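Student: Okay, here's the structure, questions in a sec.
The values are calculated or read from the model by the stated rules, or taken from the named source; none is laboratory data. These numbers come from a predicted model, not from an experiment. For neighbour counting, all protein chains shown are included, and Cβ atoms are generated from backbone atoms with ideal geometry for every residue, glycine included. Heads up: the accessible areas ignore ligands, DNA and RNA and are worked out on the full protein's heavy atoms, side chains in. Shrake-Rupley method; radii C 1.70, N 1.55, O 1.52, S 1.80 Å.
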Amino acid sequence: MNRASAAQALISDDMIKTAEITICATTAICDPLGALYLPESQTIVVSDLHLEKGSAFARRGLLLPPYDTIQTLKLLQAVIERYQPKCVISLGDSFHDRVGAAGLSSECHSQLSALIANRAWYWVAGNHDPDRPAGLDGDWVDELYLEGLCFRHEPSSTEATGEVAGHLHPAARVVRRGKGVRRACFATDATRLIMPSFGVTTGGLNLRHQAFRGLFNKGQLIAHLMGRDRIYSVPFERLIA
Amino acid sequence: MTIDSKIRDGLEASALPEPFASWFAGRGWQPRAHQLALLDQAQSGNSSLLIAPTGAGKTLAGFLPTLVDITVHEHNQKTGAVRQSKAQSRRRGIHTLYVSPLKALAIDIERNLATPVEEMGLPVRIETRTGDTPQHKRQRQKLNPPDILLTTPEQIALLIASNEASMLFADLKYIIFDELHSLVTSKRGHLLSLGLARLRQHCPQLQTIGLSATVADPEALQAWLVPQIRGEEPALSERIIITGGAKPHITILQTDERVPWSGHSARYAMADVYGAIKAHQTTLLFVNTRSQAEMLFQALWRINDDNLPIALHHGSLDASQRRKVEAAMAQNRLRAVVATSTLDLGIDWGDVDLVVHIGAPKGASRLAQRIGRSNHRMDEPSRAILVPANRFEVMECQAALDANYLGAQDTPPIGEGTYDVLAQHILGMACAAPFHADALYGEVTSASPYTMIERDQFDRVLEFVATGGYALRTYDRYARIRLTRDGTWRVSNPRIAQQYRLNIGTIIEAPELRIRLTRHAGKGTNVRGGPVLGKVEESFVEMLAPGDTFLFAGKVLRFEGIRENECIVSKGGTGSPKIPAYAGGKFPLSTYLAEQVRAMLAEPDTWHVLPQQVRGWLEIQRLKSVLPSRSDLLIETFPHEDRFYMMMYPFEGRLAHQTLGMLLTRRLERARARPLGFVATDYAMAIWGLRDMGLMFERGEVSLSDLFDEDVLGDDLEAWLAESWMLKRTFRNCAVISGLIERRHPGQEKTGRQVTVSADLIYDVLRSHEPDHILLQATRNDAASGLLDIRRLADMLERIKGHIIVKRLEQISPLAVPVMLEIGKEPVAGEAHDDILAEAADEIIAEAMG
């Protein structure tokens, strides 16, 4: 399934199949649209929205379609409508670059502002967007602690316990009957969780790539792959590089 | 030998000036009539197309006008025979450009041309310029251009986009296009045609010389060579055709073995093929795909008791390994080479005295080209043996053989110029100098592939180049080219020109990984380093799990894993090897041959030329079912092992059948016939399901005319295409060629996901928001003619209207057997979707429960 057509044809809420996971005794729900829901605090976590990626490329002379922000926001709106959260955490790289927020079209700006209004909203700093997004409400933080979990953009090399991070855009590949399928995934070993990237034009990095080395206890690691209407949970050893 | 262009009286060796006349005489040679005819045309100021079989001295013919012109000019200057002012006499730019599709061919020509030039002591400097030419040499070539520059289409595009273009090409007199028939049919040819149009702006008197093998439509090439005027009858160059030469001696392998029903390996014939190799000096063995090449090579070495030097040559092998084979070949050190189309084009390969073609040639012209590889002298007959891999191929080989004798040709048409190529060219022209849109439109439409393009389409492409051409106009401030006050379009900053140069060209390789051989050092660890064997497509490697084995470069390799952009392998391994399924190299059955095979099937009188076992097979088909007439589509239905089958014999090639299969399955699904799957070969296709489709036709539950209605190519096609990987791949190529995304350069792969962007994702975004975008139009046009063969499908649907014959059978028919045997063997080209994921996820559940 691709994210852009998911945004085009959203599947009704009662048809979807989520996956319940536990990170350090905290229960969370992985949604096939790529968001994490924490029922206890009614919080939605999304990571790596990379808004305004198209225009960032356009500035360099590669005129990618200017529709990525519209579609990512549509997905974000859908997931917010689905869970009606009290709190939203955008886990860094919310914008593709520093000037991204300033470049939002007025339509996108008001759509995003409407989502932010009436709920707690946290922008976590990312490597692409190390500064507060200009002209948007919400709190600006480097990291955030909630329900005994720590939310930060880049996974740390030392404090794995209870960490929810993004940055790496994990994806996983399954091969059966000579056919391979590759999907973005939530990657967790019950100690740490790395979120899939949410933006519609963000690529993925295979969970077996060396960038993930040392981050997980491989024996416990499960990839929760995002399908059209459900999450598919596959243990690490069954994944292919 | 005949020449169909008027040759003036008195054209003989004496027509040649010194030192040419005495050089020919000194070697006891007569210049050939076509060489003189071409010289004559050139001297009269005309552009010409020379069509000749291999070995006819085409190269010398092409260069003779240049060599004579430079020599005579030089001579006149020395003797003062013609008085000229200094400015006039001093030529500063290139005199002749030679363009070939292959780097290797340009280098080969440089070598071949050196001999006559040296022996006659001609005052001519010849140099090559390809992607491999070092920077300092390229720089020098710009400052001090050679008389003759041998180069490739990509270099032409680079040169005309540079500031020095007007200086370099101010004095250009001739441009020679070698192997024109193979250049013009691709996007490369489209780009080159636009380049030629630009060169004519620099020098309106420019004359072209096209060298070509025999083609179906020579006038298309003649038009390609000269400027066109939109709305007028095509202008044509002169044409010189040499027919005749010795008739090739082609046979179909005579064997006592049983020809199998299906498959492509021709393993049954190995002993006979090996025998033929032993009986000849040097044999070239052609196959259609790289994986067949690997298999054949293995099979031959398995029975190579005499240890004959037999080598392997295909495009995925490492360049150094290919060079070694080529060198050994040139020195006649090899007895046989197994090769794919990499050896198709006119490079000289030593003394080949036999060509063996494994599998059906798929096109009569392709066969003629390949057979031309043996006995590279025109007056001696080429010897070739065709080895059909299965019974349908026996008929196809026979059809190709008849065609070759009859001189029938089925080269693909040139095709209309594509938008992505035009976009690249427009940006290049802006890099060269500011342009007026009106003038550039006029220039572009003078190139024959682009004569038909409408002004508003041209403007949309121009808009795409400038700002992306999106309905949502947000990129005006990032425009790559801008309309300035004086009415010209200019590049908005120098970085754009730099970017353009890095992304030039139309050849987009499928993403590939280098194969590196390492030593297996026990569990999990591998010694780093080791030689690179070649490249393999990423999509193939993605199907491998560590420990899997596959054939490559004639070795059985064990897959160890992917490290960065390399596929790490070690030697050996057990189990049956999988074989690389390269995307390239699968040719569809040509329309022409397909028709011949249909005709053969319909006319039992022609069967006497077929081997007994094939004849018998067709006889039984006639008894048990029907033989379709030439224009009919035969459909058979029968039950088999609790499934119901519907068998069709359109003979339209695998691609068209696959597309048709997808579409029919959708329709049958809606008609509740409960189809389960389908398989397609070059000749036929089968759909199977849970209900008796024959009965459904009979009862009128499903209408055949509805099922095969041409509107299947409307919404159904659109809906299926939308998610198809084939369209995504096509889009990726269009996106790179048009400059929407950047080409991957070697060594650049590691820059990470943040700076690269996946073409698939862009496609999804664009399709859902702006389905009429110019680049999506370009993609659909490509798919229609290329990957999906939709045009051919449309022709077929029209042909069979009212000509569908249904035969309900109790059991499998003889004709159906080969297709039935393919079921399960042929991967159904297709979409791997969520069901694969479900399988993987549910296995775990099953395990837990069990």
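Student: Can you tell me which of B:LEU196, B:LEU206 is buried (at least 22 other Cβ atoms within 10 Å of the Cβ), out of contact with any Gly (no Cβ under 8 Å at 6 or more places or on another chain) and of a type outside the set (Phe, Trp, Tyr)?
Tutor: Answer to the check: B:LEU196.
Student: Another one. Under the condition of being open to solvent by 20 Å² or more (accessible area, probe 1.4 Å) and of a type outside the set (Ser, Thr, Tyr), which residue from segment B:42-62 is modelled with the lowest pLDDT?
Tutor: Among those that are open to solvent by 20 Å² or more (accessible area, probe 1.4 Å) and of a type outside the set (Ser, Thr, Tyr), it is B:GLY55.
Student: Here's another thing I want to ask about it. Which of the residues belonging to segment B:466-498 are facing another protein chain (nearest Cβ under 10 Å), aliphatic (A, V, I, L, M) and open to solvent by 50 Å² or more (accessible area, probe 1.4 Å)?
Tutor: Scanning segment B:466-498 gives B:ALA471, B:LEU472.
Student: Against the definition (at pLDDT below 85 and either over 14 Å from B:HIS425 (Cβ atoms) or out of contact with any Pro (no Cβ under 7 Å at 6 or more places or on another chain) (or both)), how does B:PRO494 come out, yes or no?
Tutor: So B:PRO494 fails the test.
Student: Let me ask something else. Specify the residue that is nearest to B:ALA403 (Cα to Cα); the eligible residues are those in segment B:589-625 that are in contact with a Gly (Cβ under 9 Å, 6 or more places away or on another chain) and open to solvent by less than 50 Å² (accessible area, probe 1.4 Å).
Tutor: B:LEU593
Student: Which one is farthest from the other protein chains (Cβ to nearest Cβ) among residues in segment B:775-795 that are modelled with pLDDT of 90 or more and either surrounded by fewer than 23 Cβ atoms within 10 Å (Cβ to Cβ) or more than 25 Å from B:PHE458 (Cα to Cα) (or both)?
Tutor: B:GLN777
Student: Something else: Is it the case that B:ARG670 is at pLDDT below 90 and either of a type outside the set (S, T, N, Q) or open to solvent by 20 Å² or more (accessible area, probe 1.4 Å) (or both)?
Tutor: Yes, satisfied.
Student: Tell me which residues, restricted to segment B:253-271, are crowded, with 20+ Cβ neighbours inside 10 Å and either of a type in the set (A, V, I, L, M) or under 17 Å from B:VAL352 (Cα atoms) (or both).
Tutor: Answer for segment B:253-271, where residues must be crowded, with 20+ Cβ neighbours inside 10 Å and either of a type in the set (A, V, I, L, M) or under 17 Å from B:VAL352 (Cα atoms) (or both): B:LEU253, B:VAL259, B:ALA266, B:ALA269.
Student: Do the conditions hold for A:ALA19, that is, is it within 13 Å of chain B (Cβ to nearest Cβ) and closer than 14 Å to A:THR201 by Cα?
Tutor: For A:ALA19, the condition - within 13 Å of chain B (Cβ to nearest Cβ) and closer than 14 Å to A:THR201 by Cα - is not met.
Student: On to the next question. Give segment B:559-570 a look and list any residue that's open to solvent by 20 Å² or more (accessible area, probe 1.4 Å) and farther than 20 Å from B:GLN321 by Cβ, or say none.
Tutor: Of everything in segment B:559-570, those that are open to solvent by 20 Å² or more (accessible area, probe 1.4 Å) and farther than 20 Å from B:GLN321 by Cβ turn out to be B:GLU560, B:ILE562, B:ARG563, B:GLU564.
Student: Moving on. Considering segment A:74-93 alone, what residues qualify as being within 13 Å of another protein chain (Cβ to nearest Cβ) and surrounded by 22 or more Cβ atoms within 10 Å (Cβ to Cβ)?
Tutor: Of everything in segment A:74-93, those that are within 13 Å of another protein chain (Cβ to nearest Cβ) and surrounded by 22 or more Cβ atoms within 10 Å (Cβ to Cβ) turn out to be A:LEU75, A:GLY92, A:ASP93.
Student: Spot the failing condition for B:PHE697; the list is (1) open to solvent by less than 30 Å² (accessible area, probe 1.4 Å); (2) away from chain A (no Cβ under 14 Å); (3) touching a residue at least 40 places away in the same chain (Cβ under 8 Å); (4) not in a helix (DSSP H, G or I), and only one is missed.
Tutor: All conditions pass for B:PHE697, except number (4).
Student: Could I ask something else about it? Hey, does segment B:535-551 have a residue that's exposed (fewer than 14 other Cβ atoms within 10 Å of the Cβ), at pLDDT below 80 and more than 14 Å from every other protein chain (Cβ to nearest Cβ)?
Tutor: No, every residue in segment B:535-551 fails to be exposed (fewer than 14 other Cβ atoms within 10 Å of the Cβ), at pLDDT below 80 and more than 14 Å from every other protein chain (Cβ to nearest Cβ).
Student: I'd like to check something: does segment A:55-64 contain any residue that is hydroxyl-bearing (Ser, Thr, Tyr), within 11 Å of another protein chain (Cβ to nearest Cβ) and open to solvent by 10 Å² or more (accessible area, probe 1.4 Å)?
Tutor: yes
Student: Restricting to segment B:171-193, name every residue that is open to solvent by 30 Å² or more (accessible area, probe 1.4 Å) and small (Gly, Ala, Ser).
Tutor: B:SER182, B:SER186
Student: Counting only residues that are in a loop (DSSP other than H, G, I, E, B) and in contact with a strand residue (DSSP E or B) (Cβ under 9 Å, 6 or more places away or on another chain), how many does segment B:196-250 have?
Tutor: The total comes to 9.
Student: Now, a different point. Does segment B:377-398 hold any residues that are modelled with pLDDT of 90 or more and either closer than 22 Å to B:LYS58 by Cβ or aromatic (Phe, Trp, Tyr) (or both), and which are they?
Tutor: Of everything in segment B:377-398, nothing turns out to be modelled with pLDDT of 90 or more and either closer than 22 Å to B:LYS58 by Cβ or aromatic (Phe, Trp, Tyr) (or both).
Student: Just checking, how many residues over segment A:185-207 are open to solvent by 10 Å² or more (accessible area, probe 1.4 Å) and in contact with a helix residue (DSSP H, G or I) (Cβ under 8 Å, 6 or more places away or on another chain)?
Tutor: Residues flagged as open to solvent by 10 Å² or more (accessible area, probe 1.4 Å) and in contact with a helix residue (DSSP H, G or I) (Cβ under 8 Å, 6 or more places away or on another chain) within segment A:185-207 amount to 4.
Student: Here's a follow-up. Note down all Cβ pairs under 7 Å where the first residue falls in segment B:721-747 and is away from chain A (no Cβ under 13 Å), the second is in a loop (DSSP other than H, G, I, E, B) and modelled with pLDDT of 70 or more, and they're at least six residues apart or on different chains.
Tutor: Here the result reads B:ASN733/B:ILE508; B:ILE737/B:THR506; B:ILE737/B:ILE508, each pair linking segment B:721-747 to a residue that is in a loop (DSSP other than H, G, I, E, B) and modelled with pLDDT of 70 or more.
Student: Regarding B:PRO814, is this residue at pLDDT 75 or above and farther than 26 Å from B:ASP706 by Cα?
Tutor: Yes.
Student: Further question on the same structure: Which of the residues spanning segment A:147-186 are away from chain B (no Cβ under 14 Å) and free of Cβ contacts under 8 Å to residues at least 40 places away in the same chain?
Tutor: Within segment A:147-186, A:CYS150, A:SER156, A:THR158, A:GLU159, A:GLU163 meet the criteria.
Student: Next question. When you check B:ILE508 against the structure, is it more than 10 Å from every other protein chain (Cβ to nearest Cβ) and aliphatic (A, V, I, L, M), yes or no?
Tutor: It is true that B:ILE508 is more than 10 Å from every other protein chain (Cβ to nearest Cβ) and aliphatic (A, V, I, L, M).
Student: Of the numbered conditions (1) surrounded by fewer than 17 Cβ atoms within 10 Å (Cβ to Cβ); (2) touching a residue at least 60 places away in the same chain (Cβ under 8 Å); (3) part of a helix (DSSP H, G or I), B:VAL444 fails exactly one; give the number of that condition.
Tutor: The failed condition is (1).
Student: Which of the helices (runs of 4 or more DSSP H) contained wholly in segment B:272-376 include at least 1 residues that are modelled with pLDDT under 80, open to solvent by less than 10 Å² (accessible area, probe 1.4 Å) and among the basic types (Lys, Arg)?
Tutor: Correct list: B:364-371.
Student: Consider only pairs whose beta carbons are under 8 Å apart and that are at least six residues apart or on different chains; among these, list those whose first residue lies in segment B:317-335 and is on the phi > 0 side of the Ramachandran plot and whose second residue is at pLDDT 85 or above.
Tutor: Pairs found: B:ASN332/B:GLN281; B:ASN332/B:THR282.
Student: Answer yes if at least one residue in segment B:450-462 is at pLDDT below 85, within 24 Å of the chain's Cα centre (by Cα) and either open to solvent by less than 10 Å² (accessible area, probe 1.4 Å) or closer than 21 Å to B:THR243 by Cβ (or both), and no otherwise.
Tutor: No.
Student: Looking at segment B:581-693, what helices (runs of 4 or more DSSP H) fall wholly within it and have at least 3 residues that are within 30 Å of B:GLU537 (Cα to Cα) and free of Cβ contacts under 8 Å to residues at least 60 places away in the same chain?
Tutor: Correct list: B:654-670.
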